[in-house]
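Okay, structure first, notes after.
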Amino acid sequence: MAILDLQPSVWHDALGIPQGQEPAALILEGTWWRERATKSRLSRLTDVRETAFPEIYLGRWNGVSVAYCCAYGAARAVEPAHVFAQMGTPLLIQIGTCGAMDGSLQTGAVMVPDTVCGRDGVSQHYHAAKALALDAAAVTRARTGLTERGIPVARGAHLTWCSLFAQSDAHCAEWSAEGLRTVDMEAAVVAAVAARFGRRAVALLTVWDALAEGKSFLDPLTEAQSKALTRADALIFDVALDLAVDEGM
């Protein structure tokens, strides 16, 4: 049977997670630096174990079960998102970085979008909407948590694109003209999967690339920008864990 037609019990059996004991949240992270990110994030959790599916982990934070997976790109992120959403995990949290088409967004700010637009080649197979709203309560809670930690927060419409490399200056100008402020490679597919299975989704994406200025991750950052990026990268995981606790209590 094709995977889209499988029943939730298949994932419960495959991962050895009894029905009703699903993690409160799945935290997905899109980055090239998978080993470093995974080591850092899992060091915050207790009772960590790798599931039967490689590089998908379960752990606990303040008594709440949390799943974590570092998955780069929509084609990879869709897989753990699908498994946990169909199995019953109520909240999917995408963290990572993004590029900004809006020149007012500075490196180290965090985009917590209201809506996500999926042009990644995968999202449309889960939900046909051109734009999906993220969960309002989780969005508000995430923005509050970031603001309390002194992190500048951006809001608005966000795009998920198929590749970091397959984006041109012309693309960025077109996206900006549409009112899309930032772009990543995972958030929309996670939202589309959540919508298909009746779950909730939120994204916390640290601004890195200044696309409005024609700059990519290859361009050097100032010392202040580098510190802001590093600080926001650490704190988005703290806020994600807070969201998981809110969901699990």
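The values are calculated or read from the model by the stated rules, or taken from the named source; none is laboratory data. Here the structure is a predicted model, which means the values were calculated and not measured. Here Cβ is always computed from backbone atoms with ideal geometry, including for glycine, and neighbour counts include all displayed protein chains. We work out accessible area using only protein heavy atoms, side chains counted, and drop any ligands, DNA or RNA first. Shrake-Rupley method; radii C 1.70, N 1.55, O 1.52, S 1.80 Å.
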Selection status of R44, touching a residue at least 24 places away in the same chain (Cβ under 8 Å) and not in a helix (DSSP H, G or I): yes
Strands (runs of 3 or more DSSP E) contained entirely in region 52-140, each with at least 2 residues that are surrounded by 24 or more Cβ atoms within 10 Å (Cβ to Cβ): 64-70, 91-100, 115-119
Cβ-Cβ distance below 7 Å, separation of 6 or more or different chains: which pairs start in region 103-115 with a residue that is closer than 22 Å to D169 by Cα and end on one that is among the aromatic types (F, W, Y)? T107/W208
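With respect to D47, is the statement that it is open to solvent by 20 Å² or more (accessible area, probe 1.4 Å), touching a strand residue (DSSP E or B) at 6+ places or on another chain (Cβ under 7 Å) and charged (D, E, K, R) true?
Numbers: open to solvent by 20 Å² or more (accessible area, probe 1.4 Å): yes; touching a strand residue (DSSP E or B) at 6+ places or on another chain (Cβ under 7 Å): yes; charged (D, E, K, R): yes.
In short, yes.
A201 - would you say it is modelled with pLDDT of 95 or more, of a type in the set (A, V, I, L, M) and closer than 14 Å to R119 by Cα? Outline the logic, then answer.
Details: modelled with pLDDT of 95 or more: yes; of a type in the set (A, V, I, L, M): yes; closer than 14 Å to R119 by Cα: no.
Judged against the criteria, A201 is not a match.
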Among the residues of region 75-92, is there at least one that is without any contact (Cβ under 8 Å) to a residue 24 or more places away in the chain and under 18 Å from D238 (Cα atoms)? no
Within region 27-44, can you find the residues that are out of contact with any strand residue (DSSP E or B) (no Cβ under 8 Å at 6 or more places or on another chain) and within 16 Å of E79 (Cβ to Cβ)? none
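What tally of residues in region 101-160 results from selecting those that are of a type in the set (A, V, I, L, M), farther than 18 Å from R196 by Cβ and within 14 Å of the chain's Cα centre (by Cα)?
So in region 101-160, the residues of a type in the set (A, V, I, L, M) come out as 101, 105, 109-112, 116, 122, 128-129, 131-134, 136-139, 142, 146, 151, 153-154, 157, 159.
Narrowing the set further to residues that are farther than 18 Å from R196 by Cβ leaves 101, 105, 109-112, 136-137, 139, 142, 146, 151, 153-154, 157, 159.
Next, from what is left, pick out any that are within 14 Å of the chain's Cα centre (by Cα): 110-112, 139, 142, 159.
Within region 101-160, residues that are of a type in the set (A, V, I, L, M), farther than 18 Å from R196 by Cβ and within 14 Å of the chain's Cα centre (by Cα) number 6.
Among the residues of region 6-30, write down those that are outside any helix (DSSP H, G or I) and open to solvent by less than 30 Å² (accessible area, probe 1.4 Å). Lay out the reasoning, then the answer.
Looking only at region 6-30, we keep the residues that are outside any helix (DSSP H, G or I), and these are 6-7, 16-30.
Result: I17, P23, A24, A25, L26, I27, L28, E29, G30.
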